[in-house]
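Structure record follows, encoded as structure tokens.
The values are calculated or read from the model by the stated rules, or taken from the named source; none is laboratory data. Note that the structure is predicted; figures quoted are calculated from it, not measured. Reconstructed Cβ throughout: ideal geometry from the backbone, glycine too, with neighbour counts over all protein chains shown.
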Amino acid sequence: MEDVGIIVRRLTLQARALGALAARIRLDELGVQGDAAQWEHLSRVVECLDVGDLSELAPDRRASLSASIRTGLKQILELVEEPQRMGGWTHTDAALLQAQGSASADIARSIQRAGVGRSGARILDIGCGVAGLSIAFCTEFPDATVVGVDLWAPALELARRNVAVAGLDARIDVVETAIQDYRDDVGFDLIWLPAIFIPAVAIDDVLNTAFELIRPGGEIVVGAFNDSPDALTNALDALMTVRSGGSLLTATEIIAKVNGVGFADVHEIDRQWSPMRRLVTGKRAR
Ligand SMILES: C[S@@+](CC[C@H](N)C(=O)[O-])C[C@H]1O[C@@H](n2cnc3c(N)ncnc32)[C@H](O)[C@@H]1O
């Protein structure tokens, strides 16, 4: 067994390296180098990490990497500062909520690339948070409209502001309610359901609600827990999922549930390397 002090030193170095990488990506995003002396040392750190030429990253990839590192670091620091709190998405730090929203924009791109969804679709974004994903849906699917539903008022306040700043008031409607209590008579063509943020006890109700809300021919995409075979990755992913109030249902378990409520052609999409989540899709028969 290694001395705990040595393990702490090694892990601290890794945490600092991640922070330095995020800082470098952020400077690229801002288009500045900042303090010359720090830039030089930051560049040395990044060189040691062997991540290639960061300035060649596409802007959307750079933005999503930057946001996912920032929300990840903020959430782990919040765990350190308040380890005793109950699980649930109860964050009030606007920077954390905004970074989480920006990081989730990637989901819209994965869904679009998988051939799910279409322009002009009416989309339901369950757990819309600050509307980062709702806004990304509007970019990926021209002429689509989105209803974003969430029960966390601090995030929804930011969502309304973000939608207005993006000039998308006419395309995105933000509703404050638990999805189980949401009613709609029009129907949706595409529903996003992040099971990793919905408590396990509520999943069956939420899936039934989604099936009632979807139009014939409409598609659902469910974000499931990534059940990594690596013990530390799995334990950390499970910890942060439970702390966020979500369920640990795996893609296989989600596929069974999505089939069970009546969706057809249920299968997994998007197997990028080391995904944070797995995506399961299904269709309501015409
Ligand atoms: C990580 S956030 C989603 C981030 C979001 N994609 C964005 O762009 O900000 C997950 C959200 O799910 C919401 N949520 C959890 N259970 C819910 C439920 N039963 N009905 C509606 N929203 C729910 C939480 O309040 C939280 O805001």
Q.
What pairs come out if I take residues in region 92-103 that are touching a residue at least 12 places away in the same chain (Cβ under 8 Å) and under 15 Å from GLU78 (Cβ atoms) and pair them with residues that are acidic (Asp, Glu) and more than 11 Å from the ligand (Cβ to nearest atom) whose C-beta lies under 8 Å away, six or more apart or interchain?
A. ASP93/GLU78; LEU96/GLU78
Q: State yes or no: is THR71 farther than 24 Å from GLN14 by Cβ and within 12 Å of the ligand (Cβ to nearest atom)?
A: no
Q | Residues that are more than 21 Å from the chain's Cα centre (by Cα) and not polar (S, T, N, Q), drawn from region 205-228 | A | ASP205, PHE211, GLU212, LEU213, ILE214, ARG215, PRO216, GLY217, GLY218
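Yes/no matrix, rows are residues, columns are (1) closer than 20 Å to ILE126 by Cα; (2) modelled with pLDDT of 95 or more:
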position	(1), (2)
PRO229	no, no
LEU236	no, yes
GLY245	yes, yes
LEU249	yes, yes
LYS257	yes, yes
GLY262	yes, yes
SER274	no, no
THR281	yes, yes
ARG286	no, no
Q: Identify the single condition in (1) within 23 Å of VAL149 (Cβ to Cβ); (2) in contact with a Pro (Cβ under 9 Å, 6 or more places away or on another chain) that GLU212 does not satisfy, given that it satisfies every other one.
A: (2)
Q. Could you list, in sequence order, the residues of region 115-130 that are more than 8 Å from the ligand (Cβ to nearest atom) and within 24 Å of THR209 (Cβ to Cβ)?
A. VAL116, GLY117, ARG118, GLY120, ALA121, ARG122, ILE123, LEU124
**Q.** Hits in region 90-114 (condition: touching a Lys or Arg at 6+ places or on another chain (Cβ under 9 Å), part of a loop (DSSP other than H, G, I, E, B) and within 11 Å of the ligand (Cβ to nearest atom))
**A.** HIS91
Q.
With the structure loaded, tell me whether ALA200 is surrounded by fewer than 16 Cβ atoms within 10 Å (Cβ to Cβ) and within 12 Å of the ligand (Cβ to nearest atom) or whether it fails that test.
A. yes
Q: Report yes if ARG61 is charged (D, E, K, R) and within 25 Å of MET276 (Cβ to Cβ), otherwise no.
A: yes
